[in-house]
């Protein structure tokens, strides 16, 4: 893949998410409607993520499954935050890595999620956190199997039926061993994610 292609793909993905967001807001129901998933205290879901490194000598591709569970820390109509909601999410990751060889990764990340109902059917959010991940692949990109994984992303949960939502998200992830070993190559990756979330 040509240098800079991953960065362009990430930019296109981010622009696409924002264009979709603007379009959804244009067709959204009136603000008087109940906020999306406003009566929920918990969430659980499963995402599939495809990602690529973009600053490494060898491009590594990721095919990940990400199960997650979260609890809302605030409710809509809060006297301070209004309909802005904070939640704590625990997310796992298990996936296949592919470069010159195939490998695997396994890990988990606690995330702080800030969400806001854009309509009665759409919840927009930003989430970020730092976890740990074991990445086992024969590639010069990764010096060691054990790494830390600070990350941040944004997305939309779009109500399909009942309390089920279609998830569309972007995630930026950095992995490195934080200097606990002499060799510490930091690796940056972009992910596009799609999945299903259930609010209850």
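Extension gain, residue 166 to residue 41: 0.36 nm times the residue separation minus the Cα-Cα distance gives 43.2 nm. What is the distance in Å between the Cα centroid of the range 121-150 and that of the range 82-117? With the range 121-150 and the range 82-117 each reduced to a Cα centre, they are spaced 8 Å. In this rough spin-label picture, where each label sits 7 Å from Cα along the Cβ direction, the residue 185-residue 132 distance is 2.3 nm.
Only the coordinates and a few stated rules stand behind these numbers; no lab work does. Note that the structure is predicted; figures quoted are calculated from it, not measured. Glycine gets a Cβ as well: all are built from the backbone with ideal geometry, and neighbour counts include every protein chain shown.
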